[in-house]
Amino acid sequence: MRLQRRRLLIRAFRKRRQLRPVTNRTGKIRRGDILLFATMRNEAVRLPYFLKYYRDLGVSHFLLVDNDSTDRTLQFLSNQQDVSVWHTRAGYKKSRFGMDWMNHLLRVYGDGHWCLTVDPDELFVYPFCDTRPLSALTDWLDASAVRSFGTMLLDMYPKGKLNAHKYEAGDNPVDIAAWFDPGNYLLRRNDLMWNLWIQGGPRARVFFADQPDKAPALNKIPLVKWDRRYAYVSSTHNMLPRGLNLVYEQAGGEKASGVLLHTKFLNTFNKKAKEELTRKQHYSGSQEYLAYAHMVKENPDLWCSHSEKYINWRQLEILGLMSKGNWA
């Protein structure tokens, strides 16, 4: 595992040449700042709300990689005073789906900071997030000597056809994609990497109904007190050293955990799925997007009689999808 981690860090160091700084404002980063890292392509419509959401939580600086967008993503980000952005035309797949770029930026700028690594369609929800800033959570984690915080990726979707409601820049995507599956999740332990592996939800139910074991993983570790020796292995599903993957309680009780509200399923999804299928830059030959492409022609309704409408984090805790642990 140490050798694998070393190889990942060397690989990330070499891939740094693929990143061209467009606006580097990292000189503004101060000790104790919470940082957010992300890779994206053609996300201009999502960015106004995405940035506002995380600013309101308490993120101080955004370190973002634009993977050759053809919309206004790069121009928009360049004008944000709390954003540093790098551009690359290199292949997303050959960068281990962006993780080589993230590992490099995390190593250079994240060392000693609490760092969130998320996608533009993911909204981080944690215990008491409606009343306490993100710094309250990270302060408590520091005091508890906890260096990583796990989440479940919760797929959100609208009631009705995916294209029934138009998403506009600045809108809260959860106002449209307001529903989720409260159950139907399979959890198992990854004995090699020690992380939990979670599958299920609407993607397993609808897009992978015939092969639910092929459904995307829903476990993530997005919030980490970064050290330059750390490395993400497979997206943010797991990382090295392996001890950072133990974000769940093994001896009874519960550890604090959160949820990433995954707002992929808006009216923009059809276009995005077609583009990514053509590019073939995703995991396992874009198998996930092949499943999407087959279904989006029918403009599916992901809602079912068991769907539940999102209210707040307390609802997710009651359903057992997240926990406040012993944080009171």
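The values are calculated or read from the model by the stated rules, or taken from the named source; none is laboratory data. Values in this document were obtained by computation on a predicted structure and should not be read as measured data. Glycine also receives a Cβ, built like all others from the backbone with ideal geometry; neighbour counts cover every protein chain displayed. For the accessible areas, the whole protein counts, side chains as well, though only heavy atoms, and no ligand, DNA or RNA atoms are used. Shrake-Rupley method; radii C 1.70, N 1.55, O 1.52, S 1.80 Å.
Side notes on the structure shown:
- Exposed GluC sites (Glu not before Pro) absent: longest stretch of the chain, with sites in DSSP loops and at most 15 other Cβ within 10 Å deemed exposed: 1-167
- Estimated dipole of the chain in Debye, rounded to 20 [Cβ of Lys and Arg +1, of Asp and Glu -1, Cα centre]: 1600
- Global form of the chain, assessed from the alpha-carbon gyration tensor, a/c cut-off 1.5: rounded
- Here's the list of lysines a cross-link from Lys159 could span, going by alpha-carbon distance under 24 Å and ignoring same-chain residues fewer than 8 apart: Lys264, Lys271, Lys272, Lys274, Lys297, Lys309.
- With all protein chains in place and a 1.4 Å probe, the accessible surface of the chain carries 49 percent carbon and sulfur.
- Residue of His165, His306, His87 that the Gaussian network model of the chain assigns the largest fluctuation, springs spanning Cα pairs under 10 Å: His306
- Accessible area per residue for the chain, computed on protein heavy atoms with a 1.4 Å probe, is 45 Å².
- For Val22, the residues whose amide H sits under 5 Å from its own are Val85, Trp86, His87, ignoring neighbours fewer than 5 places away on the same chain, with H placed 1.01 Å from N.
- Toward the positive end of the charge dipole of the chain, with +1 on the Cβ of Lys and Arg and -1 on the Cβ of Asp and Glu, the farthest Cα among Leu57, Trp194, Asn103 is that of Asn103.
- For the chain, built as a Gaussian network whose Cα springs stay under 10 Å, the top-fluctuating residue of Leu186, Leu223, Leu316: Leu186
- Length gained when the stretch Phe128-Asn184 is fully extended (0.36 nm per residue, less Cα-Cα span): 17.6 nm
- For a paramagnetic label modelled on Asn270 (point 7 Å from Cα along Cα→Cβ), amide N atoms under 18 Å away belong, within segment 206-239, to 207.
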